[in-house]
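The values are calculated or read from the model by the stated rules, or taken from the named source; none is laboratory data. For clarity, every value in this text was computed on a predicted model and none was experimentally measured. Don't worry about glycine lacking a Cβ; one is built from the backbone with ideal geometry, like all the others, and counts go over all protein chains shown. Calculation scope for accessible area: heavy atoms of the full protein, side chains included, ligands and nucleic acids excluded. Shrake-Rupley method; radii C 1.70, N 1.55, O 1.52, S 1.80 Å.
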Amino acid sequence: MTRILHRTNNQPLSGTIEVPGDKSISHRSIMFGALAEGTTTVRNFLMGEDCLSTMECFKKLGVDITIDEDLVTINGKGIQGLKEPIEVIDVGNSGTTARLMLGILSGLPFYTVIQGDESIGRRPMKRVVAPLREMGAIIHGRNNGEYTPLSIIGNPLSGITYKLPVASAQVKSAILLAGLHAEGETVVIEPEKSRNHTEKMIEYFGGKIHSEGQVIRLNGNQTFTGRDVYVPGDISSAAFFLVAAAIVPGSKVTIENVGLNPTRTGIIEVLEKMGANIVVELNDSTFEPIGTVTVEYSELQGIEIGGDLIPKLIDEIPIIALLATQCKGETIIKDASELKVKETNRIDAVVDSLKKLGASIEGTDDGMMIKGSSNLIGAEVSSLGDHRIGMMLGVASYLTNSPITLHNDEAVAISYPTFFEHLQKLIENN
Ligand code: S3P
């Protein structure tokens, strides 16, 4: 669908909102609920397309999952309780589902085929398939297992010690999940720390895992017990409004109940370094840290972003690029070549779309360089089927001198089905 976006009467954004549940934690709540023995309940589950794909996959594997308004209930039968599906496992647009499912299914005694949409068919899977094969997995796919469809013939696994070539929580999680039914110890060593939701959930569901810096160890033959999970708001979704408030003159926005896991809060560090007026309050830290973040408009300065900060904000780079167009001076984003293998090639997608809006931005081999501050102009653009590109362009429309025509706006439903309503609500609050 196509949407015409423009801010009326130059109104600022103001008010308090909650964003939907965290995508990474929602996926894992279904996975661990299914692998556990007994009942798991999940509140504030993200009803976005990616997480619903994970839910459908586990239903096909014989897990009983029900939704009653805001409450998801999973009746887990233990790791060995999953059943061979009679259909292909469809992961839709979700890379997290594809990669973590490979880890879960490799050691189970049956045959499965994993398939996704056209974007999934272009995303690299060898990064997961190669270490799983080292553990004993039998996986076949296009280009020797690089691309879906992938078929898995369950096989007994053995633990390995694996040094990740890239900081990827998906690869780390796939190996750890396979390690749960492997013989002996599995050790994963990360080059930089990536999001640690899998490790936290293993502990929360009663499993044993040992993390020391960038080295994570676990033993096979673990059992999990069903738990009640509250999914915090997704900081990656909140990022769109935090940035909007920072760059639309006169704005002030508060996000409540948002996840503040330090492996995810790179966007807050960036806003602080740029000189944003931002207040962070930690409210609760039982399972995952949760808090409140308020951002108020102020003048901002460009910065350099790279190194171990990148995994903490990898999904926020499209909106950080827009943020940089409104900073004084130059912003350089480097060490982020992983952007090329996201839902789209996000270096190209961000650079091409922001250029159309009149930004001064150039792509590099591992990131981008942005010169600010720019007056943006309305143009015809597309999400290219990438939810985060669509939402970045939605925020951009609050800065352009004329409307933005956004094609493929429905992509936002992957992680934030109510994104445009929430953006509108923050204007109506004035
Ligand atoms: C995710 C990990 C990240 C992130 C993705 C979700 C996860 O991917 O970009 O949106 O839930 O583990 P990589 O592990 O490929 O960096």
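For this structure, a couple of remarks:
- A single entry from Met392, Met369 fulfils the requirement of being touching a residue at least 24 places away in the same chain (Cβ under 8 Å), in a strand (DSSP E or B) and of a type in the set (A, V, I, L, M, F, W, C): Met369.
- Some residue of region 190-202 being more than 30 Å from Gly306 (Cα to Cα), touching a Leu at 6+ places or on another chain (Cβ under 9 Å) and in contact (Cβ under 8 Å) with a residue 24 or more places away in the chain: no
- Among residues of region 156-210, those that are polar (S, T, N, Q) and within 11 Å of the ligand (Cβ to nearest atom), counted: 6
- Selection of region 108-134 for residues being under 16 Å from the mean Cα position of the chain (by Cα) and either of a type in the set (S, T, N, Q) or more than 16 Å from the ligand (Cβ to nearest atom) (or both) yields only Ser119.
- The one condition in (1) of a type outside the set (Ser, Thr, Tyr); (2) outside any strand (DSSP E or B); (3) surrounded by fewer than 17 Cβ atoms within 10 Å (Cβ to Cβ) that Glu362 fails to fulfil: (2)
- Of all residue pairs spaced 6 or more apart or on separate chains, those with beta-carbon atoms under 7 Å, a first member in region 329-344 that is open to solvent by less than 40 Å² (accessible area, probe 1.4 Å) and away from the ligand (no atom under 12 Å from the Cβ) and a second member that is part of a loop (DSSP other than H, G, I, E, B) and of a type in the set (Asp, Glu) are Thr344/Asp386.
- Counting the residues of region 76-107 that are on the phi < 0 side of the Ramachandran plot, more than 16 Å from the ligand (Cβ to nearest atom), outside any helix (DSSP H, G or I) and touching a residue at least 60 places away in the same chain (Cβ under 8 Å) gives 4.
- Residue under evaluation Phe240, criteria (1) at pLDDT below 95; (2) in contact with a helix residue (DSSP H, G or I) (Cβ under 9 Å, 6 or more places away or on another chain), criterion not met: (1)
- If you check Thr186, Thr161 for being farther than 23 Å from Lys60 by Cα, polar (S, T, N, Q), at pLDDT 95 or above and surrounded by fewer than 24 Cβ atoms within 10 Å (Cβ to Cβ), only one passes: Thr161.
- Any hit, region 388-397, residues being under 21 Å from the mean Cα position of the chain (by Cα), among the basic types (Lys, Arg) and within 28 Å of Cys51 (Cα to Cα): yes
- Selection count, region 108-118, where residues are outside any strand (DSSP E or B) and either crowded, with 19+ Cβ neighbours inside 10 Å or not assigned by TED's automatic domain parsing to the domain that holds Val91 (or both): 2
- Residue satisfying all of: in region 55-78; open to solvent by less than 70 Å² (accessible area, probe 1.4 Å) and aliphatic (A, V, I, L, M); farthest from Asp90 (Cα to Cα) among these: Leu71
- Test: residue in region 135-149 that is acidic (Asp, Glu), surrounded by fewer than 20 Cβ atoms within 10 Å (Cβ to Cβ) and away from the ligand (no atom under 16 Å from the Cβ): no
- Check on Lys312, within 16 Å of the ligand (Cβ to nearest atom) and open to solvent by 10 Å² or more (accessible area, probe 1.4 Å): yes
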